[in-house]
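K.L.:
Here's a structure for you.
The values are calculated or read from the model by the stated rules, or taken from the named source; none is laboratory data. Everything quoted here is computed from the prediction, not taken from an experiment. As a convention, Cβ positions derive from the backbone with ideal geometry for all residues, glycine included, and neighbour counts pool all protein chains shown.
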């Protein structure tokens, strides 16, 4: 089965420490990870930060307007995004779970995350104990990148040869267009689950979540501004995008045409331990010969600039009357949730 979701598809979906010694223990041995299954009910779990000494592990795309970085040993997951003229990273990449990355869920499988029962959970970046992902293929130039990697089970840290994750990244002006694809060649049929499309981690200084959750999408109706708490809360995203901004209303946003619901939270911690998280959600079951792909658009700026950029992408898709393919059947995008 193949499900292909391009830019015009917008169907509805579900879903301080004190003391130097204590801080060092928290940083080196374990940290509070701001990532967990949207439906797991987990509230506070651990992950080990990776070694940050190897700067050659990072690969950057830069078109003179924006700069995007991927970590090669984390499946080329996206962990850096900024203006080209700025040295301030708007994303959080504290551990292997903290990226803009693919993450999928199946059934409980006897695995454990930091002593807690977990489930089949292939991710792009690597396992919670700090192990990375095996990169199979990588090509790039200044404004484009393609990567193929083996999925990693988040809880066990083992490579999953039956799960191939791919990404295509293109920079265009202040927009980074990302196409993610997951191919499953295993034999199990899993129950439907809320899937992160994708997991998105911003720097904790970007404390305010911006989105539109009203009944008049794409009309310029006022946006919603909120500071999420801990743990997860779900929110409607009827314009298919969300952003985190700082005190100056500057930040980073993601437009995911395939999602109209997200889960989100903020975790307050010292330095990079704190994070601002959201994940647009889609609910589906993974089964043999399953392929799932979707598009994400990233941009930076103030709220109005971010929203205007996503409006332009949405309107271009609408006006081009792009068609989508799902299960080998052509379907008009307007019948699958593309709304005005």
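K.L.:
For region 246-269, what are the residues that are under 15 Å from residue 213 (Cα atoms) and part of a loop (DSSP other than H, G, I, E, B)?
P.N.:
256, 257, 259, 260
K.L.:
Go through region 72-121 residue by residue and tally those that are in contact with a helix residue (DSSP H, G or I) (Cβ under 6 Å, 6 or more places away or on another chain) and under 15 Å from residue 199 (Cβ atoms).
P.N.:
Result for region 72-121: 1.
K.L.:
Answer yes or no: is there a residue in region 203-211 that is touching a helix residue (DSSP H, G or I) at 6+ places or on another chain (Cβ under 6 Å) and either at pLDDT 95 or above or surrounded by 15 or more Cβ atoms within 10 Å (Cβ to Cβ) (or both).
P.N.:
Yes, because at least one residue in region 203-211 is touching a helix residue (DSSP H, G or I) at 6+ places or on another chain (Cβ under 6 Å) and either at pLDDT 95 or above or surrounded by 15 or more Cβ atoms within 10 Å (Cβ to Cβ) (or both).
K.L.:
Still on this structure, please answer the following. Quick check on residue 297: is it at pLDDT 50 or above, in contact with a helix residue (DSSP H, G or I) (Cβ under 6 Å, 6 or more places away or on another chain) and either surrounded by 12 or more Cβ atoms within 10 Å (Cβ to Cβ) or outside any strand (DSSP E or B) (or both)?
P.N.:
yes
K.L.:
Moving on to the next point. Condition test on residue 272, is it at pLDDT below 95 and either assigned to a strand (DSSP E or B) or closer than 22 Å to residue 88 by Cα (or both)?
P.N.:
Yes.
K.L.:
If I filter region 125-143 down to residues being over 19 Å from the mean Cα position of the chain (by Cα) and in a strand (DSSP E or B), which single residue comes out as nearest to residue 170 (Cα to Cα)?
P.N.:
140
K.L.:
Would you be able to say whether some residue in region 169-177 is assigned to a loop (DSSP other than H, G, I, E, B) and more than 20 Å from residue 252 (Cα to Cα)?
P.N.:
No.
K.L.:
If you scan region 300-332, which residues turn out to be farther than 22 Å from residue 194 by Cα, modelled with pLDDT under 50 and not in a strand (DSSP E or B)?
P.N.:
Answer for region 300-332, where residues must be farther than 22 Å from residue 194 by Cα, modelled with pLDDT under 50 and not in a strand (DSSP E or B): 322, 328.
K.L.:
Provide a single number: the residues in region 83-106 that are outside any strand (DSSP E or B), touching a strand residue (DSSP E or B) at 6+ places or on another chain (Cβ under 7 Å) and over 15 Å from residue 246 (Cα atoms).
P.N.:
Counting residues in region 83-106 that are outside any strand (DSSP E or B), touching a strand residue (DSSP E or B) at 6+ places or on another chain (Cβ under 7 Å) and over 15 Å from residue 246 (Cα atoms) gives 10.
K.L.:
Given (1) closer than 21 Å to residue 281 by Cα; (2) under 17 Å from the mean Cα position of the chain (by Cα), where does residue 175 come up short, assuming only one miss?
P.N.:
(1)
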